[in-house]
Amino acid sequence: MKCLWVQKDERGEVQRSVADVSREDLPAGDVLLRVQYSSLNYKDALAATGHAGVVSRFPHVPGIDAAGVVEESTHGQVSAGDQVLVTGYDLGAARWGGWSEFIRVPGEWVVPLPPGLSTLDAMTLGTAGFTAAQCVQSLLHHGVTNELGLVVVTGATGGVGTIAVMLLAKLGIEVAAVTGKAERAPWLRNLGASEILERSDVNDTSGKPMLPARFAGAVDTVGGNTLATLLKSLTHRGCVAACGLVGGVELPLTVYPFLLRGVTLDGIDSAQCPRPNREKIWELLSGEWKLSQLEDVRTVIGFSDLEDAIGDILAGKVVRRVVLDVNAN
């Protein structure tokens, strides 16, 4: 079977290549899945470089997402022939990932493919869409509605940001999309953004403990000073759903936004999302929250295209969801 094989050579240097390996190399698990599609996320690109924060052992196969058809199963809730998806847990990190024609995983990781979603659409969403949906769910849970005003999405051309913009717009919530790629503004507006902001608009460096109330809520993929700026800029009882750290891990702010405006900072963890909510999110994405523009936000590639795609996402050049067709030439 074909996969992207990441290993260390005799000098300890990380090497990667598309390789043919035996199914016998797969780890133990209840379910053998014939993968149809996976996706490319920033975490996958890091895994492809052998990043120590992602990869714990070599050889390694990246891919934190996978969707396809069950080939074999000894798990009571999963049967051969089922269409399923797997996102999160240790897939593509501590365990053999989805950039492979077959994977073997614990049965409890496997989610039935919801009616109304194809395996291609499921991987267009992938962990990025799943995370975006959790962020939107959090905002709604904390009372952020279309009557309360503008919701801002940072990193709006990234995987999470793109899907978050689309979901919020679908729900009738006014969205301000933040991007450093000014040329993508028309594209973001077509996806539903009503306003385009520059990164500097949500990166206040004044050091003030509070800022004018501008946003009812936010989906933040950046962290650092941007997250602090958003928290200081929320209206009363506003909420930020935070899911990223590309802008830094420090949070330079005081408790004033929490005490004076009653704002909420809600952290979003996708990999270990509890099973009931995991199934609920996929039910929403295939039903009430189903997006009709997924073909507009994806690029489908094969193994031969992976090297360029990995370089592009590490360089911040990717503006669409990249889906890997493991059966493509």
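The values are calculated or read from the model by the stated rules, or taken from the named source; none is laboratory data. These numbers come from a predicted model, not from an experiment. For neighbour counting, all protein chains shown are included, and Cβ atoms are generated from backbone atoms with ideal geometry for every residue, glycine included. Please note that ligands, DNA and RNA were not included when accessible areas were found on the heavy atoms of the full protein model with its side chains. Shrake-Rupley method; radii C 1.70, N 1.55, O 1.52, S 1.80 Å.
Shape of segment 289-329 from the C-alpha gyration tensor: oblate (a/c of 1.5 or more and a/b not above b/c, with a ≥ b ≥ c the square roots of its eigenvalues). Accessible surface ranking for Arg189, Arg184, 1.4 angstrom probe, highest first: Arg189, Arg184. Rounded to the nearest 10 degrees, the inclination of helix 159-170 to the longest alpha-carbon principal axis of the chain is 60 degrees. Placing +1 on the Cβ of every Lys and Arg and -1 on the Cβ of every Asp and Glu, with no other charges, gives the chain a dipole of roughly 820 debye about its Cα centre. In segment 78-221, Cα pairs under 8 Å separated by at least six residues give a relative contact order of 22 percent.
Across the options Asn146, Ala213, Val319, the greatest Cα extent toward the positive end of the charge dipole of the chain (unit charges at beta carbon of Lys, Arg, Asp, Glu) belongs to Ala213. Mean projection of the Cα convex hull over all viewing directions, computed for segment 1-77: 5.9 nm². Once the C-beta distance of Ser79 and Asp201 is scaled by a Förster radius of 56 Å, the resulting FRET efficiency is 0.65 to the nearest 0.05. Assuming charge only on the beta carbon of Lys and Arg (+1) and of Asp and Glu (-1), the dipole of segment 111-200 about its Cα centre is about 160 debye to the nearest 20. Under 26 Å of direct C-alpha separation, and excluding same-chain neighbours fewer than eight residues apart, Lys232 reaches these lysines: Lys181, Lys208. From the alpha carbon centroid of segment 1-68 to that of segment 251-327 is 20 Å.
Here is how the number arises for the chain: DSSP H runs of 4 or more residues each give -39500 (n - 2.57), the sum is divided by the residue count, and the result at 222 nm is -7500 deg cm²/dmol.
Surface composition of the chain: carbon and sulfur atoms hold 48% of the protein heavy-atom accessible area at a 1.4 Å probe. Here's the picture: charge each Lys and Arg Cβ at +1 and each Asp and Glu Cβ at -1 in the chain, and of Leu231, Trp289, Val31 the one pushed furthest to the positive end of that dipole is Leu231. Kirkwood hydrodynamic radius computed over segment 241-329 comes to 17.1 Å, based on all pairs of distinct alpha carbons. Around the amide H of Asp204, modelled in the peptide plane, lie the amide H atoms of Thr229, all under 5 Å away and 5 or more residues distant in sequence or on another chain. Full extension of the chain segment joining Asp20 with Asp296 gains 96.1 nm, where the gain is 0.36 nm per residue of separation less the Cα-Cα distance. Helix 275-286 and the long axis of the chain differ in direction by around 80°, with both axes built from C-alpha atoms. Only one residue of Val202, Gly12, Ala164 has its Cα farthest out toward the positive end of the dipole of the chain, where Lys and Arg carry +1 and Asp and Glu -1 on Cβ, and that residue is Val202. About its Cα centre, the dipole of segment 1-154 is roughly 280 debye, where the only charges are +1 on Lys and Arg Cβ and -1 on Asp and Glu Cβ.
Provide Rg over Rh for the chain; use the alpha carbon set for both Rg and the Kirkwood Rh (inverse mean inverse pair distance). That ratio equals 0.99.
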